[in-house]
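Single-structure report; data block below.
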Amino acid sequence: MARTETLVAVDVGTSGARAVAFGVDGNRLLEVRRSYPTSSPAPGWAEQDPRQWRAAAMAALAALVRQLGSGQRVAAVGLTGQCPSVCLVDDNGRPLSAGLIYRDNRATAEATAIRERFGEAVMHARTGHLPSAFHIAPKLLWLQAHEPEAFARARWALQPRDLVGHALTGEFATDGTHAAATLVFDLRRRAWDEGMQAALGLRSDLFPPVRQSSEPLAGLSAPAARRVGLPAGTTVVLGGADSQACALGAGVVAPGPVSEMAGSSTCLNAAVPEPLSVLEVTHYPHVVPGPYTTETGINTTGAAVAWLADLLYAPRRRHSGGADFERLDHEAAAVPPGADGVLALPVLADGERTDAGLRAAFTGLSLRHDRAVLARAMLEGVAFGIRDQLELLTAGGARVTELRISGGDTRLGTWNRIKADVIGVPVIPIPGDAAVGGVAMLAGIGAGIYADANDAIRRCVRPAPPVEPDPATRGRYDERFAAWRELAAAAVVRRSS
């Protein structure tokens, strides 16, 4: 019997790694997850064990292959992961440091020094980014200063996806979407900026070669093949950073629609022909040839709602599950827009990627309020944060015609309604998970199954009906958004030092 061709995406994410199988028609067939923890040894720190990135990804892929069985032929494996997160490794890819993940804010002083040395306008024009502790270069400078022995021994600085790519193929490589998050990548030339690297005291060969996101790496190595149960030589495609792959998976390859990768954090991506001049908007090469993608983001969105659900909706000593989120969504729907005057600032990761001192808050609370009001306020608070980020795009001249949402948070219908009403554009859920879907599409392009990105979108992306904004609530939300901005700018919600 002929076997059915399957495309597999491997995602080295924030809470764990997963392997997801798709048919060539874009339908998701199977998903396997393997979790790992995040530790916070000090306030503002967030780190993981890179060995667990690799082990969890390989274990998830092996379990997926076993469960797929002999009736499916894996045509290609594509890779993605959290970005920017980094670890130091030796010549053989053995980790020498902890993995500092994207929301780790320990390198604020290093980021400030880079800003002051080069100037914000120069850095933005050259790299598409404003330096913050979020980025790779400040993290590396912190490691150089505080873990000099490991830094001196390091051969490569790798992001989680890069580490897994090496584990599967023996090849060290990265793509432009990961490279752009380092601050030492020339955005327009789409090449490493050796002058910037030298100025920061970073070796020019510390970073792996840059390849196209849809380009195959060396085939699956024999040792990796034995470990995961696939034939040696199976096509492994480099892929891209999770949010950039999500833009492809949502069909965002031209100006107008904006992709929201709605998970623990939120990334917002739009396709633009040229980088915008707004300094607060970061830029990456798209995973498809030609355009750039803008990115703005919020560190704790789904994580903030999950935190509230754990506290108020889940049974004691248990994390919230699907039924708990359904209750939260149902109760929040019964609270009128504006949450009876309660505002939520959902910054629960000890800082935001562009403001390391910002902290979370609820204001306007009363004895008459119950958990449903807090839930509504949290959903609205995240929506206000998204509107705040999208207004940066429109200030730069980009069009925002619709918000295409993918990820686990699309299941909360009340939240989709709130986002549409707060932002004022249609919200279109993308069923499934566009991040791994986009990676599977890249794998299919690299394996020759799809002719190009447009062919992959035509065959794989199936948007749900739009949630249209309600003009009757817009005035109320405009007023609450202005109040939310006042709260976010207040000194009282910033860490005192």
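The values are calculated or read from the model by the stated rules, or taken from the named source; none is laboratory data. Keep in mind it's a predicted model, so treat the numbers as computed, not measured. Here the Cβ positions follow ideal geometry from the backbone for every residue, glycine too, while neighbour counts run over all protein chains shown. Side chains included, ligands, DNA and RNA excluded: accessible areas come from the protein's heavy atoms. Shrake-Rupley method; radii C 1.70, N 1.55, O 1.52, S 1.80 Å.
One table, with the values for the structure above:
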read-out: Residue satisfying all of: in segment 32-60; closer than 20 Å to residue 84 by Cβ and polar (S, T, N, Q); surrounded by the fewest Cβ atoms within 10 Å (Cβ to Cβ) among these; value: 39
read-out: Some residue of segment 117-133 being part of a loop (DSSP other than H, G, I, E, B), touching a residue at least 60 places away in the same chain (Cβ under 8 Å), of a type in the set (A, V, I, L, M) and surrounded by 21 or more Cβ atoms within 10 Å (Cβ to Cβ); value: yes
read-out: Search result, residues across segment 302-323 that are in a loop (DSSP other than H, G, I, E, B) and either under 16 Å from residue 269 (Cα atoms) or open to solvent by 60 Å² or more (accessible area, probe 1.4 Å) (or both); value: 315, 316, 317, 318, 319
read-out: Which listed residue is more than 30 Å from residue 104 (Cα to Cα) and crowded, with 24+ Cβ neighbours inside 10 Å, from 64, 29; value: 64
read-out: Top-ranked residue of segment 351-400 - restricted to ones that are among the aliphatic types (A, V, I, L, M) and assigned to a loop (DSSP other than H, G, I, E, B), ranked as surrounded by the most Cβ atoms within 10 Å (Cβ to Cβ); value: 356
read-out: The one condition in (1) under 22 Å from residue 48 (Cβ atoms); (2) open to solvent by 30 Å² or more (accessible area, probe 1.4 Å) that residue 209 fails to fulfil; value: (1)
read-out: Looking only at segment 67-115, and only at residues there that are open to solvent by less than 20 Å² (accessible area, probe 1.4 Å) and within 20 Å of residue 235 (Cβ to Cβ), the one that is modelled with the lowest pLDDT; value: 81
read-out: Residue 262 closer than 27 Å to residue 15 by Cα, crowded, with 21+ Cβ neighbours inside 10 Å and of a type outside the set (D, E, K, R); value: yes
read-out: Close pairs (9 angstrom Cβ cut-off, 6 or more residues apart or separate chains): without any contact (Cβ under 8 Å) to a residue 24 or more places away in the chain and closer than 23 Å to residue 287 by Cβ in segment 192-218, polar (S, T, N, Q) and not in a loop (DSSP other than H, G, I, E, B) anywhere; value: 192/182
read-out: Any hit, segment 46-53, residues being basic (Lys, Arg) and not in a loop (DSSP other than H, G, I, E, B); value: yes
read-out: Number of the condition not met by residue 204 [criteria: (1) farther than 26 Å from residue 143 by Cβ; (2) at pLDDT below 95]; value: (1)
read-out: Per-region count, segment 401-428, residues assigned to a strand (DSSP E or B), open to solvent by less than 30 Å² (accessible area, probe 1.4 Å) and at pLDDT 95 or above; value: 4
read-out: Matching option when the condition is under 30 Å from residue 152 (Cα atoms), in contact (Cβ under 8 Å) with a residue 24 or more places away in the chain and buried (at least 20 other Cβ atoms within 10 Å of the Cβ), among 238, 268; value: 238
read-out: Residue 273, sole failed condition from (1) open to solvent by 10 Å² or more (accessible area, probe 1.4 Å); (2) modelled with pLDDT under 95; (3) on the phi < 0 side of the Ramachandran plot; (4) not acidic (Asp, Glu); value: (2)
read-out: Subset of segment 236-277 (residues that are acidic (Asp, Glu) and assigned to a loop (DSSP other than H, G, I, E, B)); value: 274
read-out: Selected residue (criterion: most open to solvent (accessible area, probe 1.4 Å)) from residues of segment 2-17 that are under 19 Å from residue 69 (Cβ atoms), not in a loop (DSSP other than H, G, I, E, B) and not polar (S, T, N, Q); value: 5
read-out: Filtered residues of segment 164-185 (kept if more than 30 Å from residue 232 (Cβ to Cβ) and either of a type in the set (Lys, Arg) or in contact with a strand residue (DSSP E or B) (Cβ under 7 Å, 6 or more places away or on another chain) (or both)); value: 180, 184, 185
read-out: Residue that is touching a Gly at 6+ places or on another chain (Cβ under 9 Å) and basic (Lys, Arg), where the choices are 227, 188; value: 188
read-out: Subset tally (residues that are assigned to a helix (DSSP H, G or I), open to solvent by 90 Å² or more (accessible area, probe 1.4 Å) and without any contact (Cβ under 8 Å) to a residue 40 or more places away in the chain) for segment 480-497; value: 1
read-out: Total residues in segment 429-476, condition open to solvent by less than 60 Å² (accessible area, probe 1.4 Å), farther than 28 Å from residue 384 by Cβ and aliphatic (A, V, I, L, M); value: 13
read-out: Filtered residue count, segment 181-223, keeping only those that are small (Gly, Ala, Ser) and in contact with a Pro (Cβ under 7 Å, 6 or more places away or on another chain); value: 1
read-out: Subset tally (residues that are in a loop (DSSP other than H, G, I, E, B) and either closer than 24 Å to residue 78 by Cα or open to solvent by 10 Å² or more (accessible area, probe 1.4 Å) (or both)) for segment 162-192; value: 8
read-out: Looking only at segment 134-161, and only at residues there that are aromatic (Phe, Trp, Tyr) and in a helix (DSSP H, G or I), the one that is farthest from residue 294 (Cα to Cα); value: 151
